[in-house]
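For reference, the structure discussed in these notes is given below.
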Amino acid sequence: MAIANQMPDPMTFTVADLLDQLSPQEALPTTKLEKALGLSRSPEKLHLRIALDALIRLQLVGESEAGLQRCDNPELIPARLRCSSKGFCFALRDDGGDDIYVREHQLNHAWNGDRVLVKVTREGGRRRSPEGGVQCILERHTTSLLAQVEQQQERLVATPLDDRLLTSVELPAGDAEHLDPEQQSVVEVLIDRYPVAQFSPQGHVARRLPVNGGEAADLDLLLTKHRLTQRPAAPRATLRSLASKDRTDLTAQTTLLLDGWSGKEAPALPALALEPREAGGWTLWLHSPAVAERFTPGSALDLWLRDQADALCVGHQWLPLLNSALSKAAAFKVGEEQAAVSVALELSADGNLEHYRFCRSQIRPAARADLAALTALAERKPKSRTVPAALKPLKDQLELLGQLVAVAELLQRQRLAAGSVELDLALPPIASLGDLAVPPPVPALQGWLVQLPCHHPAAILREAVLLAERALGSHLAALGLPAIFSSNPTADTSDLNDVAKAALALDIPLELGEEGHASAAELASAFAATDRSRSLQQQLRAVLQPQLLDTTPGEHALAGVRGEAAALAPWTCPTLHYADLWNQQVLVLLLSEGKDRPSVRHKVSVDLASPACHGAIDWPLLAPSQLAPYQQTLEHGLVQRLNGRRRFQQELESDLLAMAQARQAEPLVGQVQAGVISGVQSYGFFVEVPPSNVEGLVHVSSLKDDWYEYRSRQNRLVGRKNRRTYMLGDAVEVEIEKVDALRHQIDLAVVLPEGTELDGDWGADNGPEPDEADGSFTPVPVLEEA
């Protein structure tokens, strides 16, 4: 222990930070690397030297007289760890390849959520994942944690609430004051030292938090768990004012703002306008807040925004992406002129995109419409002369609003016909969810869209946003410019077949394609018409691929974009996502600095803002010095980091929902509620209880009336003696026995029919225990019948 106490302070940089600064092409002197990492003190430079020596041994870094270079070692695979409380982990690869199984002794002190480099030690098979071991920890995910303080003989330790962290943290003796036998509180523990060799991790208690302190205390718990209570302050920066003379004047256009969110510091969303075309069809205008032009790319403010990555909704308030000055400068307000980055999307009468053109513009929004107004419009009779109160502020824009709804509905039909998937799986009506219950124009990660009424503001915005981002993706890909693309692969055929088989086992009629398969869109359509719709849609949701950011274009199933020319580049919501902001930077650079002719001597130019220039350019659009910062940023792992932050955002939102649902269930403990079976496993079945849709487990050992066999292909448990079945989508009555809001665990017991004979031996030891944190289970032999 004396040696451990004499160890230097923790590193102020991560291995990922270090590798991001190095290029495989050019050597970087050590002094420049120290400066790039902000290292000035001798202990910090010593840490860097220790890290470099280790990376050189792993053949990840090469060192010469010229300096340091990053080496690509194909045997070491970047991934993020996802662990189970039972001691086994999977490494989720950054490139989307097969997950790698990592045994506990191969973790090498890595924890759940850490970004790591994994080496495969055993290749996978048809029904077996590849196995591997952690070779290097790129970035620690857990710098602090929620825990309960326990006295274990002579040691005072913090036991993490998240049992996927397979460790306890040693605490100083002075933290004994936080011992709480009644478990009415938890503590926030800051990690002072991670485990190394034979030494355990060490930390100290930062503060105590109440377990049952109300909605505000619950939010504090979740923000603490996700390390969001102390976000770094934005650097000081002077924002550029944008002169209107350099922009296309669209202030006479009738532009509308569609309100979806009402929370504190909710991000500004794009504005829309619609104009009829003389040849038929419409020109749909999307105006994005002009954010990228207000500061210098690569500046301190830009790097801070890059670290923020996304605006985060935490119920009735937001943790914004932009600082307050930037948010205020870029926000659209009714009646006020404001700078925008716009695209005109020319649509045929049947909704096909025929042409587009980008511009830097000046707009003046004419009105603002929210869900109440759009609902009143949808419910208003076509020839009615009366104007509902919700529509009176919009009486001059009613015709335009109606046309916008109609065009959005037409675009939706086009998208669904191209294979996009919408599911009727909206979040439950829980007041504390606030803006989280209102979907964004396009989700950050999930590969499906929430089914919404065609007049919902988010439904109208999503169609315009998807079309605008298809336009930019096509444009940047055709011009060969650096971009952050969004891709969404089609779900795996075998996974879809498994879902189809589960539906057929429930006697759900399905029409299969020529090859005997059903697409995700076909399954979604078939499930929507059944009495087991929600349960089957949940099964389908589980196999749909997520959206991922990439440096190369690819198909996007969510947007219905497929084929060789498929490309989608997010840019319309720079207040929501840094990826959109980055692409807006590239677009503005093209519009303002791009060369539209080989030289000034040439009189004929091309239109760089539209597809008319595709295939007509044989000269450099931008100088190498203008493109280099963007290319280097992509080479240094920006996309991987943004994908990681989007997974973090999804985890935060899932925790917010689970906490809200658990709080709704707490007053129901001891009561019998009607529910629906949402999943069946060998160890029991999950039941969803409306209206909060909280999900709990009925463990098979609690089924005392029979011995139950698990029939995996049919998604059901079947009693051997009484032949009673529990299958996906069944309505059941359950008693809520226990609720653990902190761990999001709900224990249920099924209510058996009156007169059912019970036998204490029935149902016991029929399967493995589920993992409390992620629903996985320990692979032990179970009674199972196909």
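Data for the structure
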| read-out | value |
| --- | --- |
| Sole exception among (1) out of contact with any strand residue (DSSP E or B) (no Cβ under 9 Å at 6 or more places or on another chain); (2) polar (S, T, N, Q); (3) surrounded by 16 or more Cβ atoms within 10 Å (Cβ to Cβ) for Ser262, by number | (3) |
| Cross-chain or 6+ apart pairs with Cβ under 9 Å, segment 189-207 first and on the phi < 0 side of the Ramachandran plot and touching a residue at least 24 places away in the same chain (Cβ under 8 Å), then surrounded by fewer than 16 Cβ atoms within 10 Å (Cβ to Cβ) and basic (Lys, Arg) | Ser200/Arg155 |
| Leu269 vs. criteria buried (at least 21 other Cβ atoms within 10 Å of the Cβ), part of a loop (DSSP other than H, G, I, E, B) and in contact (Cβ under 8 Å) with a residue 40 or more places away in the chain | yes |
| Residues satisfying the stated conditions in segment 601-612, i.e. assigned to a loop (DSSP other than H, G, I, E, B), of a type in the set (A, V, I, L, M, F, W, C) and either closer than 26 Å to Arg470 by Cβ or open to solvent by less than 30 Å² (accessible area, probe 1.4 Å) (or both) | Val606, Leu608, Ala609 |
| In segment 195-206, residue surrounded by the most Cβ atoms within 10 Å (Cβ to Cβ) [restricted to those that are closer than 22 Å to His178 by Cα and out of contact with any Phe, Trp or Tyr (no Cβ under 8 Å at 6 or more places or on another chain)] | Gly203 |
| Residue match in segment 717-729 (condition: under 21 Å from Asp162 (Cα atoms) and in contact (Cβ under 8 Å) with a residue 40 or more places away in the chain) | no |
| Among residues of segment 24-35, those that are assigned to a helix (DSSP H, G or I) and touching a strand residue (DSSP E or B) at 6+ places or on another chain (Cβ under 8 Å), counted | 3 |
| Options Ser288, Ser244; residue that is open to solvent by less than 30 Å² (accessible area, probe 1.4 Å) and either in contact with a Phe, Trp or Tyr (Cβ under 8 Å, 6 or more places away or on another chain) or hydroxyl-bearing (Ser, Thr, Tyr) (or both) | Ser288 |
| Within segment 169-190, tally of residues that are within 24 Å of Thr14 (Cβ to Cβ) and either buried (at least 19 other Cβ atoms within 10 Å of the Cβ) or of a type in the set (Gly, Ala, Ser) (or both) | 4 |
| Residue check, Leu423 within 24 Å of the chain's Cα centre (by Cα) and surrounded by fewer than 18 Cβ atoms within 10 Å (Cβ to Cβ) | no |
| Strands (runs of 3 or more DSSP E) within segment 125-242 that include 3 or more residues among the small types (Gly, Ala, Ser) | none |
| Of residues in segment 419-449 being out of contact with any helix residue (DSSP H, G or I) (no Cβ under 8 Å at 6 or more places or on another chain) and of a type outside the set (D, E, K, R), the one modelled with the lowest pLDDT | Pro443 |
| Residue in segment 409-419 that is touching a strand residue (DSSP E or B) at 6+ places or on another chain (Cβ under 7 Å) and buried (at least 19 other Cβ atoms within 10 Å of the Cβ) present | no |
| Neighbours by Cβ (under 6 Å, 6+ apart or cross-chain): first from segment 41-56, in contact (Cβ under 8 Å) with a residue 12 or more places away in the chain; second open to solvent by 60 Å² or more (accessible area, probe 1.4 Å) and not in a helix (DSSP H, G or I) | Pro43/Pro8; Glu44/Thr12; His47/Met11 |
| Of residues in segment 57-88 being in contact (Cβ under 8 Å) with a residue 40 or more places away in the chain and among the acidic types (Asp, Glu), the one farthest from His109 (Cα to Cα) | Asp72 |
| Among the candidates Pro428, Pro388, residue that is in contact with a Leu (Cβ under 9 Å, 6 or more places away or on another chain) and without any contact (Cβ under 8 Å) to a residue 24 or more places away in the chain | Pro388 |
| Hey, Gly473 in a helix (DSSP H, G or I), touching a strand residue (DSSP E or B) at 6+ places or on another chain (Cβ under 9 Å), of a type outside the set (A, V, I, L, M) and more than 20 Å from Glu346 (Cα to Cα) or not | no |
| Checking Ala483 against (1) open to solvent by less than 20 Å² (accessible area, probe 1.4 Å); (2) part of a loop (DSSP other than H, G, I, E, B); (3) among the small types (Gly, Ala, Ser); (4) at pLDDT below 95, the condition it does not meet | (4) |
| Residues of segment 613-629 classified as in a helix (DSSP H, G or I) and open to solvent by 20 Å² or more (accessible area, probe 1.4 Å), total | 6 |
| Some residue of segment 112-133 being at pLDDT 90 or above and on the phi > 0 side of the Ramachandran plot | yes |
| Some residue of segment 48-60 being open to solvent by 60 Å² or more (accessible area, probe 1.4 Å) and either assigned to a loop (DSSP other than H, G, I, E, B) or among the polar types (S, T, N, Q) (or both) | yes |
| Any hit, segment 645-663, residues being part of a loop (DSSP other than H, G, I, E, B) and open to solvent by less than 50 Å² (accessible area, probe 1.4 Å) | no |
| Search result, residues across segment 285-313 that are β-branched (Val, Ile, Thr) and in contact with a helix residue (DSSP H, G or I) (Cβ under 6 Å, 6 or more places away or on another chain) | Val291 |
| Selection count, segment 369-399, where residues are surrounded by fewer than 18 Cβ atoms within 10 Å (Cβ to Cβ), within 34 Å of the chain's Cα centre (by Cα) and not small (Gly, Ala, Ser) | 2 |
| Residues of segment 674-692 satisfying the condition of being open to solvent by 30 Å² or more (accessible area, probe 1.4 Å) and either at pLDDT 95 or above or among the hydrophobic types (A, V, I, L, M, F, W, C) (or both) | Ala674, Val676, Phe686 |
| Pairs, first touching a residue at least 40 places away in the same chain (Cβ under 8 Å) in segment 145-169, second open to solvent by 40 Å² or more (accessible area, probe 1.4 Å) and part of a strand (DSSP E or B), C-beta under 7 Å, six or more apart | Ala147/Thr159 |
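The values are calculated or read from the model by the stated rules, or taken from the named source; none is laboratory data. Keep in mind that this is a model prediction, so the values were computed, not measured. Using ideal geometry, Cβ is built from the backbone for each residue, glycine included, and neighbour counts are taken over all protein chains shown. SASA here: full protein model, heavy atoms, side chains in, ligands and nucleic acids out. Shrake-Rupley method; radii C 1.70, N 1.55, O 1.52, S 1.80 Å.
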